[in-house]
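Have a look at the structure below before the remarks.
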Amino acid sequence: MNDKYLIHNREADLAYVEKALACGKLSGTSDIVTAYEQKLADYFGCKYAIATSSGTASLITALYSVGVREGNEVIVPCTAPIMTLLPLIALKATPVFCDTIQYGFGFDINSIESRTSRKTKAVISVPMWGYPNKLDALKRHCEQNGLYLIEDAAQSHGSLIENRHIGTIGDIGCFSTHDRKILSTGEGGFLLTNRKDLSEKARSFTQFGSMSGVSFGLNFKLSSLQAAIGLARLPLIDSQVSARTKNVHTLAGMIRNSPFEPLPVQNGCTPNYYALVLKRRNGEKIDSSFLRRLNEFGILSETVRYAYRPAYRYPLFETYRTECPQSEKLIEGIFTVPVHPDVTEEDISTVADCLCEG
Ligand SMILES: *Cc1c(COP(=O)(O)O)cnc(C)c1O
């Protein structure tokens, strides 16, 4: 199924790139980057935005800025993808995997309470495929234990919890603008925060520690050409999300009598439908022969694309194994279908036919 996201406006892309070229300076300290950051902060409704060279760079920056260092523990849901986890390895921090709720990617609060220790420094929430879950209990737990809450919102541009954007609810929100993400600049990312102190630390980290030789940092800046593309495409997030939501409604109507149903959405939460997550109505496992058949129809589930599994089942993370029975069950019982703006009515019928066959 075509994967080009035709919703982008080539003329707007070119106009902003022209502007960036006219500006002369192409580096990450160009005015174009500052303008992009201002627009990001405005759109998401938060005080500070810092553009970075990737989502990975934004995660490393966030972790370093809240003080994660060698030996610190960072709590992550075991439903997180390796992209969330590799930055922890880069900083020599220890991932502590927690169980999730039964039908969502939010933390099981009992699991997180039992796995918090004196070494715990931060928690990363990871709404997979843009599916948010309420964060009140998690925030309370973080406040009571002096933990920082980082949101890995790389798949969640435009997802909301009670009208607040995912990525603005914790201490720092990290986003990717890789080509496959809802806001795309080719490669790139940004982070959001309402805290001045964290924004200053993060800014400094992305610019060689302010070149002072006093504090550590790397070069994680976004170039002005990428920021220009971001400026052109930022106004399209809402139409991206509404096109996806419309496709979800169409498909949901067509599969009402099939063995499958959409993963339930928690009250007050609005997913961006980065992908549509489906499960069997009877809660049974999704077997690989079904996924192969989907693939023959041209439908590649993201769970197949990423060899999706509980994080401690990847060889790199085996040593951090914990018990996460609910996540295990969730992961074996779900798959995704594409609902991006280039998916046509005909594509949706094909998907529906395939699902109705079971
Ligand atoms: C894409 C992604 C990342 C990594 O972002 P890059 O820009 O590719 O470095 C991190 N976390 C999640 C959840 C992602 O989907």
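A few notes on this one:
- From the options ALA62, ALA57, ALA80, residue that is touching a helix residue (DSSP H, G or I) at 6+ places or on another chain (Cβ under 8 Å), within 14 Å of the ligand (Cβ to nearest atom), over 15 Å from LYS119 (Cα atoms) and in a loop (DSSP other than H, G, I, E, B): ALA80
- Residue identified as more than 17 Å from GLY55 (Cα to Cα) and of a type in the set (Gly, Ala, Ser) among SER184, SER212, SER176: SER212
- Scoring GLU284 on the criteria (1) loosely packed, with under 15 Cβ neighbours inside 10 Å; (2) closer than 20 Å to PRO77 by Cβ; (3) at pLDDT 95 or above leaves a single failure, condition (2).
- Scanning the range 234-278 for residues that are aliphatic (A, V, I, L, M), closer than 14 Å to SER349 by Cα and touching a helix residue (DSSP H, G or I) at 6+ places or on another chain (Cβ under 6 Å) gives LEU251, MET254, ILE255.
- Restricting ASP342, ASP347, ASP353 to residues that are at pLDDT below 95, assigned to a helix (DSSP H, G or I) and within 23 Å of GLN155 (Cα to Cα) narrows the list to ASP347.
- Of all positions in the range 84-96, at least one carries a residue that is under 20 Å from GLU187 (Cα atoms), near the ligand (Cβ under 10 Å from one of its atoms) and in contact with a strand residue (DSSP E or B) (Cβ under 8 Å, 6 or more places away or on another chain).
- Residue tally, condition within 16 Å of the ligand (Cβ to nearest atom) and over 21 Å from the mean Cα position of the chain (by Cα), over the range 15-54: 1
- Count of the range 159-170 residues which are more than 14 Å from the ligand (Cβ to nearest atom) and in contact with a helix residue (DSSP H, G or I) (Cβ under 6 Å, 6 or more places away or on another chain): 2
- Any hit, the range 90-98, residues being under 16 Å from the mean Cα position of the chain (by Cα), crowded, with 23+ Cβ neighbours inside 10 Å and under 28 Å from LEU160 (Cβ atoms): no
The values are calculated or read from the model by the stated rules, or taken from the named source; none is laboratory data. Everything numeric here is computed off the predicted structure, so don't read it as measured data. Note that each Cβ is placed from the backbone with ideal geometry, even for glycine, and that neighbours are counted across all protein chains shown.
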